[in-house]
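Since the structure comes first, as structure tokens, the remarks are kept for the end.
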């Protein structure tokens, strides 16, 4: 019998923001532990809050009687620790900078109401067993998720300011917030272009990622089944699982089964060619394909396949070099889109701005975007900028149709 501990630790301080002021502070210090036992091709799991007790292990062993199959060798003989934490990101600094951010927004933009939350989070994810496995991942980050509403607006919310990082650079956040909030009060017309450039319509990636599910590929139900090994997209479009990328926050370098990728990354789509789907141990064995370390689990669950964090290959150009002088649509809030099995995608856009030569020109009316994923990531694909022009994030750009 092999015994294994999967443990999630989280220290979280969340500032609840109401009327552009800190309304309350919520603090959490949570430890969740899953005890797993493996024997004769079965797995038993039991979970608890805090550290495990003898009773937790006893329950896990008893759960072997449920005959939950696990016909794969548990990970073993590997010890690795990664620490991505920024030691300068501490509670006192977080509180001081959050107060400063909100004070500046109150002072400079009294016509807007800001609300929601700002969070500081530190995590430790570990997986250890008595067969030589010890994997630990540490991380911390600050997240600003502030929604705003103009005082004259009839909407519940108009848009939001969003930032996540291991640095709390208030000046950079304010600079981007000023650009957006100043432009909000200037209405402009949609560009009269058949297929304008659209920036940051990330929902258009959903169908691509969904269709790379290794179980669906193996069963023959994915729309990409007949396209594996062929070029379906632009040669500049590469989609990877990259567990080394420091821009993934609180994503450990290992999955919930302890699988680790060689060099911590693998391409699912490379230079436009669909290479493979993402898998865990079960689907890798079932369909005789590479395991891409995509098992997930709650602390008290049996690991199973989950959608991984996906990385798009960066262009060697910044955003302005990618888009040139053309006016483009910066999509900030697009909810409710869908995509057919033929790849036809459409989504309503609730909030967008006209952007040109590095400047916000004004707010656009609500509209809808449409396109086909084989075009959007094919001949209409422009790139993923090497710079981070919007709240510390890279910018994704492609051409799509606009329905006014």
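The values are calculated or read from the model by the stated rules, or taken from the named source; none is laboratory data. Please read all numbers here as calculations on a predicted model, not as lab measurements. Using ideal geometry, Cβ is built from the backbone for each residue, glycine included, and neighbour counts are taken over all protein chains shown.
Mind counting the residues in region 251-283 that are surrounded by fewer than 19 Cβ atoms within 10 Å (Cβ to Cβ) and on the phi > 0 side of the Ramachandran plot?
Residues that pass the stated criteria total 4.
Among 106, 80, which is the only one that is in a strand (DSSP E or B) and either more than 20 Å from residue 32 (Cα to Cα) or more than 26 Å from the chain's Cα centre (by Cα) (or both)?
It is 80.
Quick test of your reading of the structure: residue 285 fulfils all but one of (1) at pLDDT 95 or above; (2) in contact with a helix residue (DSSP H, G or I) (Cβ under 7 Å, 6 or more places away or on another chain). Name the failing condition by number.
If we test residue 285 against (1) at pLDDT 95 or above; (2) in contact with a helix residue (DSSP H, G or I) (Cβ under 7 Å, 6 or more places away or on another chain), just (2) comes out false.
Of the conditions (1) closer than 30 Å to residue 291 by Cα; (2) surrounded by fewer than 16 Cβ atoms within 10 Å (Cβ to Cβ); (3) at pLDDT 95 or above, residue 100 satisfies every one except a single condition; which number is it?
Here residue 100 meets the rest and fails (1).
Do we find a residue being crowded, with 19+ Cβ neighbours inside 10 Å and more than 30 Å from residue 277 (Cα to Cα) anywhere in region 299-318?
no
Give 41, 47 a once-over and let me know the one that is surrounded by 13 or more Cβ atoms within 10 Å (Cβ to Cβ) and under 30 Å from residue 283 (Cβ atoms).
Just one listed residue meets the conditions, 47.
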